[in-house]
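Colleague: Input: one structure, supplied below.
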Amino acid sequence: MTRPMPNDQFLQGPYAPLGMECDAPDLIVQGELPDDLAGTYYRNGPDPLHAPRDGDQYHWFDGDGMIHCFNIEGGRISWRNRWVRTRKYELERVAGKKLYGVFGNPMFSDPSVINEEYNTANTNIVDHNGRLLALMEGALAVEMEHKTLATRKTVDFDGQIKGPITAHPKIDAKTGEMVFFGYSAGGPASKMLRYNVADKDGKLIRNEFFDAPYSAMVHDFFVTESHAIFPIFPLTQSIERVMTGGPMMAWEPDKGTHFGVIPRNGTAKDVRWFSTDAKFMFHMMNAWTDGSKLHADVTGSNATQFAPKTDGTMADASDGIAPTFRRWTVDLSDNTNSIKEALFDDFACEFPRTDDRLATYAYRHGYAVGSPSNRLGGFTHVVHYDTHNGNRRRTWTPGEGYLLGEAVFAPRVNSRSENDGYLIVLGFNGNTQKSELFILRADDVEAGPVATAMIPARVPMGFHGNFVAA
Ligand SMILES: [Fe+2]
């Protein structure tokens, strides 16, 4: 017998865990499934199996990772979902209850798991040249089987990587390399960063360590054709703060923003730092090299409410908390070591994506989900930005009662040009309490879906996914 889930916003409505594994071989489709779309859309998100332990408090980012996959081929679309069977999941499944404190907090963990890895594998699912990796930023990657979603093994690159790796690696579509990193690489809340590159065969070819100016949460980073850039925003981490009764994370804008820039083929001694005042982002759209300049297009803000300030108050709207489409640039020929910002739009949006065939290279078309009412976390509109046309914004919304997840680009079969394909977007329909999978033409978002697959259950709001072409 397992205990009821507690009363928490992220365990209810569109976020409520599904709590089961399903196979639906042939979903009902409204409209016409395009015959030039073939492959599988994978999406990861939290689906907690058990209620938190006594005295502990649930957090959306702590739920057990569950992969949903939608295979589109031959005029059919199927749905399958499976938990990522991490060591944590298996131990708790056997115990019939949660053994780990939220975020692995040892204060709330069962003594039996104090020396076990805490891995929820709940944030992203990425294919790197035939290896399907479930990722979270606090632990190693977990390899999954493409068709069955069976869990294979934890990936530690032949024992060469011990600590966490980002949930947002970048895959260079031309070289096939996967560029990634880990933060807190010297232990919990340390300021050490680890920079890694795996070649197209998954072999680790770079493993460099260096310190950031301070310890921060580093959710995403930038990779261009020539450089990797580590953005350090003042969302700080501190064990000392915890020991004195404060929160692990805090928003400390006075510490400013710092970008550590390393040549893709460089070493720790090549890192150069650029700075500006307080900024924040969870996600970038794309980054590229332009002569001596490195650009990163992001959904960024000037502050975050993700954690309180050190005085316990929260940043508010006047601090600029809404993420909007903007560009951050560093110039390697500029000896001021500053970061420049260009603001593109005031429409609040998140989950920025692009046509990943151009990941790490100059691009034109960007996609996101957003909301005109700035309701963070409650996105209602699919957004398309054309960066070669004054950052023209085009949007589509399914209407009242829907919430949308990340919009992922899927290239058309035999497509050779950017933006030539579809956007795949999971939507939760509050009227039916079930989810729908929208397929839109990327070059005509405003027209709405060409096909909508009706899912006979709720796919809880989740995080990130990717399309793997057939
Ligand atoms: Fe993310």
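Colleague: Arrange 162, 88 by Cβ neighbour counts within 10 Å, fewest through most, would you?
Modeller: Ordered by Cβ neighbours within 10 Å, fewest first: 162, 88.
Colleague: Another one. Which whole-Hz ³J(HN,Hα) couplings does region 416-432 yield from phi under the Karplus relation 6.51 cos²θ - 1.76 cosθ + 1.60, θ = phi - 60°, glycine and proline marked x?
Modeller: My calculation for region 416-432 gives 10, 10, 4, 6, 8, x, 10, 9, 10, 9, 7, x, 9, 9, x, 6, 9 Hz in order.
Colleague: Computed over the Cα atoms of region 413-470, what is the ratio Rg over Rh, Rh following Kirkwood?
Modeller: 1.01
Colleague: Farthest toward the dipole's positive end in the chain, which of 429, 207, 12, given Cβ charges of +1 (Lys, Arg) and -1 (Asp, Glu) about the Cα centre?
Modeller: Farthest towards the positive pole: 207.
Colleague: Quick one: which residues, 5 or more positions from residue 412 or on another chain, have an amide H under 5 Å from its amide H? H modelled 1.01 Å from N in the peptide plane, none for Pro or chain starts.
Modeller: 421, 422
Colleague: Would you list which lysines come within 29 Å of residue 203, measuring only between C-alpha atoms, while excluding same-chain residues fewer than 8 positions from it?
Modeller: Counting by Cα, and skipping residues close in sequence, residue 203 has these lysines nearby: 88, 147, 153, 162, 170, 174, 191, 269.
Colleague: For a Förster distance of 41 Å, can you work out the FRET efficiency between the beta-carbons of residue 8 and residue 153, rounded to the nearest 0.05?
Modeller: In this case the efficiency is close to 0.80.
Colleague: Extent of region 323-457 along each principal axis, from alpha carbon coordinates, in Å, largest to smallest?
Modeller: Ordered largest first, region 323-457 gives principal extents of 58, 38, 23 Å.
Colleague: Quick check: the distance between the Cα centres of region 269-288 and region 422-470, to the nearest angstrom?
Modeller: Centre-to-centre (Cα) distance: 31 Å.
Colleague: Right, another one. Which value at 222 nm does the chain reach when only helices count, each DSSP H run of 4 or more adding -39,500 (n - 2.57), with the total divided by all residues and rounded to the nearest 500 deg cm²/dmol?
Modeller: Value at 222 nm, helices only: -500 deg cm²/dmol.
Colleague: Report the equivalent ellipsoid semi-axes for region 291-395 in whole Å, largest first, defined as the square roots of five times the eigenvalues of the gyration tensor built from alpha carbon atoms.
Modeller: 25, 21, 11
Colleague: Work out the FRET efficiency for residue 204 and residue 114 from their Cβ-Cβ distance, taking R0 = 35 Å, and round it to the nearest 0.05.
Modeller: According to the calculation, E is roughly 0.75.
Colleague: Using 20 Å as the Cα-Cα cut-off, could you pick out the over-long pairs in 255/309; 293/340; 98/434?
Modeller: As for pairs spanning more than 20 Å Cα to Cα, those are 98/434.
Colleague: Follow-up question, since we're still on this one. In whole Å, what three semi-axes, largest first, describe the equivalent ellipsoid of the chain built from its Cα gyration tensor (square root of 5 times each eigenvalue)?
Modeller: 30, 29, 22
Colleague: From the phi of every residue in region 300-316, what ³J(HN,Hα) in whole Hz does the Karplus formula 6.51 cos²θ - 1.76 cosθ + 1.60 yield, where θ is phi - 60° and glycine or proline is x?
Modeller: So the Karplus estimates, Gly and Pro as x, are x, 9, 9, 7, 9, 9, 5, 9, x, 6, 5, 8, x, 7, 9, 4, 10 Hz.
Colleague: Test of understanding: express the Cα radius of gyration of region 16-99 as a ratio to 2.2 N^0.38 Å, with N the residue count.
Modeller: For region 16-99, the normalised Cα radius of gyration is 1.38.
Colleague: Between residue 277 and residue 244, how many nm apart are label points set 7 Å from Cα along the C-beta direction?
Modeller: Result for the modelled spin labels: 2.7 nm.
Colleague: Let me ask something else. Through the Karplus equation 6.51 cos²θ - 1.76 cosθ + 1.60, θ set to phi - 60°, convert the phi angles of region 127-143 into ³J(HN,Hα) values in whole Hz; use x for Gly and Pro.
Modeller: 9, 10, 6, x, 10, 9, 10, 8, 10, 9, 8, x, 7, 6, 6, 10, 7
Coordinate-derived values only; no laboratory data. Since the model is a prediction, treat every value here as computed from it, not as a measurement. Neighbour counts run over all protein chains shown; Cβ positions are idealised from the backbone, glycine included.
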